[in-house]
Amino acid sequence: LHRCLPHVRPEKPRPPTLHSLQSTPGLSRWQRSCPARRARGPNEPGGIKFGHFADMVQTDRKYPHDPAKASLEVVAAGTMLFDQIWLGSYMSGDVGFTQYATAAYTDNILDDYTYYGMDYIKDKYKVDWKNPSEKDKVKASQDVVNDIATEVTLYGMEQYEQFPTALETHFGGSQRASVLAAASGLSTSIATGNSNAGLNGWYLSMLLHKEGWSRLGFYGYDQQDQCGSANTESLPCRRK
């Protein structure tokens, strides 16, 4: 500001705090430090920790009786910050990540697939997802993961085949893969109350998608999302 308006005196720099939450002339630092070889500037968005970002997103407080809505808002915020800004603009410098990330929050297709999963877990497993409770939580077993993720993925694939406009909206395989996997992962994690079970559902959806349509997207998807199950399945779903 003081560069544009010379008569405005810059604010005196404040001493750094524990998390580098300080204000300097024309700059507001709100992140942890990035690696020196990666950081391009002092306000690089990639420095935001996942834990800090989770505290910033307040949807579980705003929508206590709609965990699907709360989770969808988290997906929107995460794809905007980490996928579009961090991976898309900073890491790859292209529009590819922007294209597939916008599919997660620019229409109601993902919402439809997710709420189909909510209806499914309520009808089959008696999970009252509008009133989350420990009593009706489903056991986080591999059979449950397979069932919920498969049902939601197949529903989404059928919708893409039934409505050509959905394919035109999500015109890339990467977009469809991320939307189907997100709906499967959210449905599985909300039913079981286990985030790792949701990851297993995410990567199972990727494998089902690949088997059904022969491809996922560009080469990155064929790499990371086909080997993801090997990572998540090496960790137990069950809480100790």
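Applying the selection to the range 90-122, what residues are surrounded by fewer than 16 Cβ atoms within 10 Å (Cβ to Cβ), in a helix (DSSP H, G or I) and at pLDDT below 75?
Selection gives 91, 92.
Mind listing whichever residues of the range 203-221 are modelled with pLDDT of 90 or more and either in contact with a Ser or Thr (Cβ under 7 Å, 6 or more places away or on another chain) or crowded, with 19+ Cβ neighbours inside 10 Å (or both)?
Passing the criteria: 203, 204, 205, 206, 207, 208, 209.
For the range 154-201, give me the residue count where each residue is hydroxyl-bearing (Ser, Thr, Tyr), touching a helix residue (DSSP H, G or I) at 6+ places or on another chain (Cβ under 8 Å) and either surrounded by fewer than 24 Cβ atoms within 10 Å (Cβ to Cβ) or over 22 Å from residue 83 (Cα atoms) (or both). Even if it seems obvious, please write down each step before you answer.
Let us first name the residues in the range 154-201 that are hydroxyl-bearing (Ser, Thr, Tyr), namely 155, 160, 165, 169, 174, 178, 184, 187-189, 192, 195.
Next cut, touching a helix residue (DSSP H, G or I) at 6+ places or on another chain (Cβ under 8 Å) only: 155, 160, 169, 174, 178, 184, 187-189, 192, 195.
Next, from what is left, pick out any that are either surrounded by fewer than 24 Cβ atoms within 10 Å (Cβ to Cβ) or over 22 Å from residue 83 (Cα atoms) (or both): 155, 160, 169, 174, 188-189, 192, 195.
Qualifying residue count, the range 154-201: 8.
Of everything in the range 161-202, what is touching a Lys or Arg at 6+ places or on another chain (Cβ under 6 Å) and at pLDDT 90 or above? Give them in sequence order.
Within the range 161-202, just 193 meets the criteria.
The values are calculated or read from the model by the stated rules, or taken from the named source; none is laboratory data. Bear in mind the structure is a predicted one, so any value in this text is a computation, not a measurement. Positions of Cβ are generated from backbone atoms using ideal geometry, with glycine treated the same way; all protein chains shown enter the neighbour counts.
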